[in-house]
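Okay, structure first, notes after.
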Amino acid sequence: TILLFVPAHGYAGRLRLWTPTLAEAWICVALIAIGIAFAWWARLHLGRLWSGTITAKADHRVVETGPYRLVRHPIYTGLL
């Protein structure tokens, strides 16, 4: 991983692929906040059906409401 951040010997070019403006940086912050909020909404929507491990819960069912009507894996989608 250090090779991603340390320039090669004698390299004189730009170190970043993209340098955002202040407005672009705030747009990125907003997108991150929206993604985290979407993932949190999905987690709250599952309620007692959510589990940190793969388990069969009582009254187990496929959830197709809330954020799950928009995408199949909203927690992963929000975090991405």
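The values are calculated or read from the model by the stated rules, or taken from the named source; none is laboratory data. Every value quoted in this text rests on a predicted model; they were computed, and no experiment measured them. So basically every Cβ, Gly included, is an ideal-geometry build from the backbone, and we count neighbours across all protein chains shown.
General observations
- Taking the chain as the region of interest, the helices (runs of 4 or more DSSP H) fully inside it that hold 3 or more residues being at pLDDT 85 or above, surrounded by 11 or more Cβ atoms within 10 Å (Cβ to Cβ) and touching a Gly at 6+ places or on another chain (Cβ under 6 Å) are 22-46.
- Residues being among the small types (Gly, Ala, Ser) and over 26 Å from residue 28 (Cα atoms) - total across region 38-80: 5
- Residue tally, condition under 17 Å from residue 78 (Cα atoms) and touching a Phe, Trp or Tyr at 6+ places or on another chain (Cβ under 9 Å), over region 36-68: 8
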